[in-house]
Every structure is written in C-alpha cells, then in structure tokens.
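Nothing in this text is a laboratory measurement; each read-out follows from the coordinates by a stated rule. Small disclaimer: the values here were computed from a predicted structure and weren't measured. Every residue, glycine as well, gets a Cβ built from its backbone with ideal geometry; the counts of neighbours run over all protein chains shown.
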Amino acid sequence: MAIVQHLQQAVIESLGKLYGSTFTEKDFQINQTKPEFEGDYAVVMFALVKQLKKSPDAIGNELGEHLTANYPQYFSAYNIIKGFLNLTVSDKYWQDVLLKNYENTVYGRKPSNGQRVVIEYSSPNTNKPLHLGHLRNNFLGWSTAEILKANGYEIIKTCIANDRGIHICKSMISWLEFANGATPQSTGIKGDHFVGDYYVMFGDVQKKQMAELMEKGMSKEEAEKEAPIMKAAQQMLIDWEAGKPDVMELWRRMNSWVYEGFDITYQRIGTDFDKVYYESETYILGKKLVEQGLQKGVFFQKEDGSVWIDLTADGLDEKIVQRRDGTSVYITQDIGLAVEKYEQYKYDQSIYVVADEQNYHFKVLKLICQKLGLPSADGIYHLSYGMVELPTGRMKTREGTVVDADDLVEEIVKVVEKHTEELGKVEGFTATELKELYDTIGLGALKFYLLRVDPKKRMIFNPEESIDIHGYTGPFVQYSYARIKSILRKEGVDANFKLEGSPLLKHEKDIVVMLEQYPGIIAQAAEEHNPSVIASFAFQLAQAFNSFYNVHSIANAENEEKKQLRLRLAVMTSNVLKSAMHLLGARVPERM
C-alpha cells in the first residue's frame, strides 16, 4: 500500500475513535502539501465541519495529535494552516520503502487480476505504407497494452488488416493500367511503398478525369463518381466480392507485397501482435449478422436495397450497414470482428485504438452490437486519440503529403547520429554499439514525443524538438539513466552495509517520495488508458535525480551512511526509469 492509502485508512480509523462515528474516504480530501508549507500530505478538514460541529483547526489539531501518537511508523509531525492538516511522513517510512524496493526490477507491477483485455491497434490499409499517424497509433496501442499488463491484466494484442474495399481496388486498377508488370522486386522498391505509389497515381488520374468531365458541365460530385478510373475501381470491388479469379489473384499478390513491407516496418519500430485479423474474412460474418438483424427488425431495407439502422432515438441518425449492391461497409466487418474476438477470447474489455475522426463510428458500433444482443457489446471501448499534424498542416495520402514512417525513423536516427558526433560522445564505442545507440536514442525520442501528449489531444510533430537532450524528451530521460549507470559502475552498493536511519535531506527525500508513487502512476495510466502519465513521471523523476546529484555528491558523501543511502537511491531510480521507458516502448542505453 502507498502512503496515501495508509493515510486514508489511518484518518478513517482515527476519526472513528475520536468522534464515535463511521467515516469513509469521501468525507475528506488528501492532497500533497504545497511546497511552501512544511509537511508531505495535507488532509482537508472543511467537509468534516458540518458533521462534527467544530472548526477546521480544532478538528485538525485533534486528528493530528491522534495520528502522530498512534501511527508513529507513518507520521512524525503535523501543523495546521487554514483548515489544512499538514502531516510529515517519518523518515523511517521513506527509508523502508527504499530498502525494500531498491533492487526490485519489477517494482510497481501487480499480480494477475484474472481479467482479459483485447487491444486492437495499427490496423493499416493494404494500399499504402505506414505514416506518422500510424506511428502514434502503434506506439499508443503497444504502450497501453504493456501498462495494462503491468497492472495484472492478461493482454491479447491484435491488428485488423483492412485488406478489402474500394481503396484497395484503387491501387489494383492503377497497377493494371500503368505498371506494365512492374513489381517491388523488379523496381527495388519496398512492397508497401510500391503499392502506395499506385494509390497516389490513382488520385492524380482521377483528378485529371474529373477536370475534363467538369469542363463538360458536370458538378464536382458527379464527376468524382463518373470518372472512368473510379467506375473501374467500383466494378473491381463488385468482382472481388463475387470472387472473380483474376481479381482475387491480383488482390492476393499485391497484398503480399504490402505485408512484406509492413513486417519490415513493424520489426524496426518494435511493434508486435498476438493475432492479425483480415477484413476480407471478418466482413463475411458481418454480412451474416446484417441478415440476422434484418430478421430481428434491428435493421431495415430501403427501396434501393441498401440496409440501414435507425439510431435517431439514441441521439444519432440513420447508419448504412450494407450498400444497395450488397457490398459491405466498414461497420459491417467491425460487427463481425467484435463477435469473432469475443468467441475466441471471451474478453472483459475490447479496446480499439483509433483516431478521434472515428468517434461516431464506435458509438454506432457499440449501439448496434447492443441492439443485436451480442455478448461482445458491453466490453467495447474506443481509445480515441487526436491526429498528428505537421507544422505545415494536415497530411493527406492522396496528395502525397504524408510523412512516411520508414523515412521518419531513418531521418530521426540520422539526426541523432549527427548531433552525437558533433558533441564528441562516440569514443569507446564500436561501430555496432554506435548503430545500436543511435537506434535506441532515435526510436526512444520518437516514441516518447508521440506518447508524452494526452492521447485525446491533437499534436504537432517537431522532429528537432523530439531529440533535444535538455528538453521534455526521451533523450533527456535516457541520458539521466545512462548518467546513473555510469555512477554505479564506479561506485557499487555495499549490500552488507546496514543503514542506521540518519535524517533524509530534502533532495534525497524528494526522490524517495516520487519513487514511492510509481505503482500508483502505473495504475493511473492504466485506468485512464494514458501513457502520457508515465512519460510525465519519467521526466520528472529524471529531473529530480539530476537536481539531487547537482547538490549532493555520492562518491564523496559526508559519510559512508550517506554514500550507501544515495547509491540505493541511484539503483532504484535507474530501475524505475528503465521500467517507465519500457512501458513507453523505449529502451535505455547503459552508456551515452
């Protein structure tokens, strides 16, 4: 239990003994004491005034006396300031936290809670390579999975490959029209990039054809539908759903190129999955569920043959679940996938890591699943996140303005290499070690930067800012870790030395207080599905250690007691920094 929980329990017990009533944690608040006041934690008295018919100061004094007298293992002193009971936690408590946990490399992790969570992330379209937005998605999904795992959940990491639909047919038609049989192998282009080039080409041709049709008097909307290349793609989608052999062969071939490319990217950025689903398989189950929904009256059919659900009574509107030509829409396959996941894993929660542009979609998905009476419905949770934008504005694939994930990773690593060499910090490293170091710093910078922002917020990505070793960045945390490891290589902990419990100095105590909060930080990040909580904590802990080390020497400490205490502080800080960075998917270098 953390000190805040001990404090809550002690306050409840003390109030009961002092005033003969039953109290709960809802009857008072506990905050950290403000820096300008003496103490560690403050109990707010105001909510107790009406019930106890005493002034806040009177309650505070009685409670403070009782807590320090009866719980000396926790509290050593108290003071009252304007209705706040400020309690000083005993040095012995903080030292016990340090001595019990400084060598614990899994500190903060909880045992199994028996609950299973399926988390879906990445979920790319097989018509283009991964881009900057996909990186935020991948990092957010992987990190959330690890944070939940650290809190005792059984985690199944999944991905849905959006491998069918009109967008896939656009790349296929474009390749048929313009490739002249070219392949990734014949051109030397990575498979996902190769196919993506033809998707961009489709957009260019469609624009040209639209302009010609608009010159003849068509509206923009009409021209978009009537452009010959668009009509060819729509026909190909119909042929695909009908299983036309030559279309299926081309589809399988082009998808295989993309999957080969994706695998290279996933390996590079450290993304993995326990299960990959394919929309081409799940949409079939979705179509069956649409038929069942029609029979149950959950869905209705319009005159043109399209199938819809009316959600106006739920504050939404009508939503199409199947086109008039019988082809599926996204929601169709998502209904099928929800059922397939539940039947396979019997999950307690199913998390979808998808951008906030799809907030409406997931409201509809959950409602439809509930109205169909599916057991998968109540566990559906949309982890909505804001889009990543560039200083120049929003990315658009069809216009070729996306920041490609592969290119971005390589660029960040190259910038790290350049900065490191300029600083002259490459002595003593082999070429292999340097390559690993640049990768560690570069990917750590990228992951930390994209995860340090609350997922709900949109963000602007600034590559130069992400690698600033003095800023709120991954490299700052990594450097702090490497600095501590350097200290520990020179000065090892004497495990046989017994600390006598000398008073903690301010900077020493600041670090132990933060370290004691780490299990609660992991729990908060899991509850909020928010890795930025971990990033913020790691940065603040690194700052606290640097402040401590700038004031207090370890090697030349005042005495052996202080030296051994500070070495234990260093060990525990390094373990927690490494653990926190792992939860963000980032590695930490032993030397930097």
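Among residues other than LYS149 with Cβ under 15 Å from its Cβ, the summed charge is -2 (Lys and Arg +1, Asp and Glu -1). For region 26-178, the relative contact order is 18 percent, taking Cα pairs closer than 8 Å that sit 6 or more residues apart in sequence and dividing their mean separation by the residue count. This ranking places LEU505, LEU140 by how few other beta-carbon atoms lie within 10 Å of each, fewest first, which gives LEU505, LEU140.
Considering only the other residues whose Cβ falls under 14 Å of the Cβ of ALA2, what net charge follows from Lys and Arg at +1 and Asp and Glu at -1? Please report the intermediate quantities before stating the final value.
Values: positive: LYS100, LYS110; negative: GLU25, ASP40, ASP96, GLU516.
Overall, the nearby charge balance is -2.
Sorting TRP240, TRP175 by the number of Cβ atoms found within 10 Å of their own Cβ, with the fewest placed first, yields TRP240, TRP175. Here MET214 and SER256 are evaluated by their C-beta separation; at R0 = 45 Å the FRET efficiency comes out at 0.75. For the chain, the alpha-carbon coordinates run over 87, 65, 43 Å along the three principal axes, in decreasing order. Measuring between alpha carbons in the structure, the pairs from LYS231/LYS363; LYS207/LYS231; LYS26/LYS457; LYS414/LYS435 lying more than 20 angstrom apart are LYS231/LYS363; LYS26/LYS457.
Projected label points at LYS82 and LEU374, each 7 Å from Cα along the beta carbon direction, are separated by 5.4 nanometres.
Per-residue ellipticity at 222 nm computed for the chain from its helices equals -18500 deg cm²/dmol, with DSSP H segments shorter than 4 residues left out and the rest contributing -39,500 (n - 2.57). Going from the fewest other Cβ atoms within 10 Å to the most, the residues LEU176, LEU87, LEU48 appear in the order LEU176, LEU48, LEU87.
In cubic angstrom, how much convex hull volume per residue do the alpha carbon atoms of region 538-586 span? Before the final figure, lay out each step's value.
Details: hull volume 3.0 nm³, N = 49.
Spelled out: Cα convex hull of region 538-586, divided by residues, is 60 Å³.
Given H placed on each backbone N at 1.01 Å, which residues far from ALA355 in sequence or on other chains put an amide H within less than 5 Å of it? It is TYR385, by chain and number. Here LYS563 is the anchor, and the lysines within straight C-alpha reach of less than 26 Å, apart from those fewer than 8 places off in the same chain, are LYS92, LYS100, LYS485, LYS490, LYS498, LYS506, LYS509, LYS578. Between VAL493 and GLU411, what length comes free when the chain is fully extended (0.36 nm per residue of separation minus the Cα-Cα distance, one decimal in nm)? Taking 0.36 nm per residue and subtracting the Cα distance, the gain is 25.5 nm.
When the alpha carbon gyration tensor of region 289-395 is reduced to an equivalent ellipsoid, the three semi-axes, largest first, read 25, 19, 12 Å.
What is the gain in length, in nm to one decimal, between ALA69 and ARG324 on full extension, counting 0.36 nm per residue of separation less the C-alpha to C-alpha distance?
Numbers: separation 255, 0.36 × 255 = 91.80 nm, distance 7.71 nm.
Stretched fully, the ALA69-ARG324 segment lengthens by 84.1 nm.
For region 147-293, the Kirkwood hydrodynamic radius from C-alpha pairs, put into Stokes-Einstein at 4 °C and a viscosity of 1.567 mPa s, yields a diffusion coefficient of 73 µm² per second. Region 528-592 and region 505-525 have Cα centres spaced 10 Å apart.
The phi-based Karplus calculation (6.51 cos²θ - 1.76 cosθ + 1.60; θ = phi - 60°) puts the 3J(HN,Hα) values of region 451-461 at 9, 6, 9, 3, x, 5, 8, 6, 9, 10, 8 Hz, whole numbers, x for Gly and Pro. Its Cα gyration tensor gives region 3-89 an equivalent ellipsoid, and the semi-axes of that ellipsoid, as √(5λ) in whole Å with the largest first, are 18, 15, 12.
Protection proxy ranking of 54-61, 26-33, 494-501, by the mean of other Cβ atoms within 10 Å over each peptide's residues and highest first, is 54-61, 26-33, 494-501.
Taking all pairs of distinct Cα atoms, average 1/r, flip it, and tell me the Kirkwood hydrodynamic radius of region 432-569 in Å to one decimal place. Don't jump to the answer; show the numbers that get you there.
Details: mean 1/r = 0.0596 Å⁻¹.
Here the Kirkwood hydrodynamic radius works out to 16.8 Å.
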